[in-house]
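Everything on this sheet refers to the single structure shown next.
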Amino acid sequence: MSFEAVLTSKEIAALSLRELYASAGFSRFVCRRFDEYSLYADNKEFLSGLDIITFSGKDGELLALRPDVTLPIVKAVRARELSEPIKLYYHESVYRKSGLSREYRELSQVGAEVIGVFDGKTQQEVLSLAFRSLNVLRNGREAFLDVSHVGIIKKTIDHAAARGADGAALAKHLSRKNIPGLLKLPGIEQNAPVVRLAALYGQASEVMPELTAICAGIGAQAEAAELAELCKGEGGESIRIDFSVGNGLHYYSGLVFDGFIAGETQAVLSGGRYDGLLRNFGYPKEYSAVGFAVYLDKIRGLDEN
Amino acid sequence: MSEQIINIALQKGRLGEEVYAIFERAGYGCPEILSDTRKLIFDAPEAGVRYFWVKPTDSAVYVERGAADIGVSGLDILLDGKPDVYELLDLNVGVCRLAVAGFAGFDMNTARELRVATKFPQAAKDYFAGIGQEIDIIKLNGSIELAPLLGLADVIVDIVESGKTLAENGLVVLRDISDISARLIANKAGFKLKYRRIEELAEKIRRVTDGEKG
């Protein structure tokens, strides 16, 4: 009997992703079983409202079941001497209240992260790796990556906030493509950059002229050019631009993306550039980080046998 | 891709029928839907849509979980359940408001905890948290106006249409929380997958509702 015969399709998918990341030059990162609660509490905004299961250690210290793997990686890498960008992948369980049922669940995550001093090419590599991850998982179904840029979102929101609208309301409506809601805010009209940004959706080649025009009005030409460049990489025809992507604005600092597969009702992968989180951990300011996680438990197509 | 059918969750009842009429005028008619039948699912393949009737409070659930690509939901449900969906259009039907009501002259600025009866506990919590007032939520499922009359609650948070029910029970609106109307909502992944068809539908619906406003 072969190994494959006893593996579930979810396990095969996880191993295929690990193989993909290892052959792309990423090395395995294994988390400590438990971490101090403070690691997560100090970076709560990064976890955007995730609840954490805590318990006491032997000496009364407060420990936590990890709700996320990126934080332990950022913490562990900080202690290392880096001569070049470090590329890590992981396959771990995380414990969090899952979005829709709002119950605590153990979820299986596979993901990849790059931390170090790097240029746009590294972002492109990570985006390609995300695209190839979708290829591993899609099983003949249509798959695509929706990309966004936090720099553009921030400048658009600042532009609208300067005209009197509330920043939090702007961010919420933009993430829900809620144009009627935006139009009710003070100073926001049909042709406001934030309204045009909310309405924008499609392949880079289709929407780039409109995006360039919006960005010219808010001083975000460089960000638009960066996004255009990123969309030219591997799998470019499966990349779409969508500014409802981009939660946790505080830590994300540039590219953000979500991956979708036809038939799955939620994003199955998400990631982005999170230089802001490195600042929290005292990394030198030339350091950047980019990565993504695959949510294996959200892929119902893997449950079928 | 013309083979993509859009699944639409409509609310059972008067509001759902009003909303269906808008869809019909926008070119997404399905004559069978108004016939006297117990069927819950109605296909209109030539219009590229499938309708189903759901309980009003459930339509956001169908959409959030992707059983429906789009649906119609009252803003009260969206404020209370906070489903993770896109809000594409304000259909301008089912217009009313969410408000705090109580006896005329009741002073809400008390130092003590305010007892609030409502069908919409989350929306009520959010509102009072926003103004920094401590409250005790009493979740009721109907006849909310009864709560202050019997001393069960100090105030209520409820949907107010004409204010007639309030007036007949000796209550008045003390504060407005939000204007309410039916919204066209979309599942995030479903929108992305069928975006050309859904954008086309939303645009046609918007033309119908805008025409009616003017």
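With 0.36 nm allotted per residue and the present C-alpha distance subtracted, the A:Arg33-A:Asp303 stretch has 94.5 nm of extension available. Residue-wise HN-Hα couplings along the stretch B:178-188, as the Karplus relation 6.51 cos²θ - 1.76 cosθ + 1.60 with θ = phi - 60° gives them from phi, are 6, 6, 10, 7, 6, 10, 8, 10, 9, 5, 4 Hz; Gly and Pro carry x.
For chain B, the longest principal axis of the Cα atoms and the long axis of helix B:14-25 meet at an angle of about 30 degrees. Each Lys or Arg adds one and each Asp or Glu takes one away; over the other residues whose Cβ falls under 10 Å from the Cβ of B:Val155, this sums to 0.
Electrostatic tally near A:Phe131: other residues with Cβ closer than 14 Å to its Cβ, Lys and Arg +1, Asp and Glu -1, net -2. Computed over the stretch B:96-179, the P(r) tail beyond 16 angstrom holds 44 percent of alpha carbon pairs. Using the Cβ of A:Leu62 as centre and a radius below 13 Å, the other residues enclosed give a net charge of -4, where K and R count +1 and D and E count -1.
Against chain B, whose longest principal axis comes from its Cα atoms, helix B:121-130 is set at around 60 degrees. Taking a straight Cα-Cα cut-off under 29 Å and skipping sequence neighbours fewer than 8 places away in the same chain, the lysines within cross-link reach of A:Lys121 are A:Lys75, A:Lys87, A:Lys154, A:Lys155, A:Lys232, A:Lys285, B:Lys192. Based on C-alpha pairs under 8 angstrom that are at least 6 apart in sequence, the stretch B:1-154 has a relative contact order of 20 percent.
Where a number appears in this text, it was derived from the coordinates with a stated rule and is not lab data. Just so it is clear, the model here is predicted, and its values are computed rather than measured. When we count neighbours, we look across all protein chains shown, and the Cβ atoms used for this are built from the backbone with ideal geometry, even at glycine.
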